[in-house]
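Have a look at the structure below before the remarks.
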Amino acid sequence: MKVSLHLLIALTGLISVLLHILYSPAPFASMTKFTIHANLFITLTFSVSAVTMLFKRTESKLLDFCKNASLIYILVGLLTYHFLLSSGGTYTGPRIITNFTLHYLIPVLVLLNWMMFEEKKSYHYKYVVYWLGFPVLYCAVSLIRGLFDGFYPYFFLNPHGTIPAGVGSYTNVTLFIIGFAFIFSIFGFLLIIINKAILSYKKSS
């Protein structure tokens, strides 16, 4: 069952990403979205995990780290899209379906996998900083690229113009990044705390 769910997540992610970009009126813009990157990260992580289980190998600490990172990234992506970005555009054709799978279905499946199948472990709180690495790198690359071509994947990373095009200054961009870093950190802390609570409950029962 676990292998089947991993394969389902990986295949759904890969097919959805490819179709979402292929049928996009602006493929380059689609490829720069955090949701696309997070889903590719998930696709790779769960593909490797599925192969590891099929060959009856022990999952590495890096793979375990990536699974937890996947959960954090995709849940933050879901909330960001649903509450901040979903009203900003419409989708047609296959992208109606891929928009749903990338923003809603895959997050639910990854969460379901964690709840049902992943071994709960005790993690040091420094992992929160490590899990922040990818989102911070994404923001840094997006801002540096924007300096050269003027394109920013999200309005809150655009220091020029006013909402809904941009946020008007690098100060405001920095505030948004700090805000998102805080949200990612909260999810990281919650993941660690819940893991510890489950382990404590199992030991006491």
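Overall, the accessible surface of the range 70-154 at a probe of 1.4 angstrom is composed of carbon and sulfur to the extent of 71 percent. Sorted largest first by accessible area at a 1.4 angstrom probe radius, with every protein chain in place, the residues W131, W114 fall in the order W114, W131. In terms of Cα atoms, the Rg and Dmax of the range 1-88 work out to 14.3, 45 Å. Protection proxy ranking, highest mean first, for peptides 150-160, 118-128: 150-160, 118-128, where packing is the per-residue count of other beta-carbon atoms within 10 Å, averaged. From the alpha carbon centroid of the range 174-205 to that of the range 114-148 is 13 Å. Only helices enter this figure: runs of n ≥ 4 DSSP H residues, each worth -39500 (n - 2.57), summed and divided by the residues of the chain, yield -23000 deg cm²/dmol at 222 nm to the nearest 500.
Subtracting the Cα-Cα distance of V136 and I194 from 0.36 nm times their residue separation leaves 18.4 nm of extension gain. Between N172 and S4, the distance separating the two model label sites (each 7 Å from Cα on the Cα→Cβ line) works out to 5.0 nm.
In percent, rounded to a whole number, the relative contact order of the range 44-177 is 12, using alpha-carbon pairs under 8 Å and six or more apart.
Between rounded, prolate and oblate, where does the chain land on the alpha carbon gyration tensor, with a ≥ b ≥ c its root eigenvalues, rounded for a/c under 1.5, else prolate if a/b exceeds b/c? Oblate shape, in that a/c is at least 1.5 and b/c is the bigger or equal ratio. For the chain, the longest principal axis of the Cα atoms and the long axis of helix 133-149 meet at an angle of about 20 degrees.
The values are calculated or read from the model by the stated rules, or taken from the named source; none is laboratory data. Everything numeric here is computed off the predicted structure, so don't read it as measured data. For neighbour counting, all protein chains shown are included, and Cβ atoms are generated from backbone atoms with ideal geometry for every residue, glycine included. Note: areas computed on protein heavy atoms with side chains; ligands, DNA, RNA excluded. Shrake-Rupley method; radii C 1.70, N 1.55, O 1.52, S 1.80 Å.
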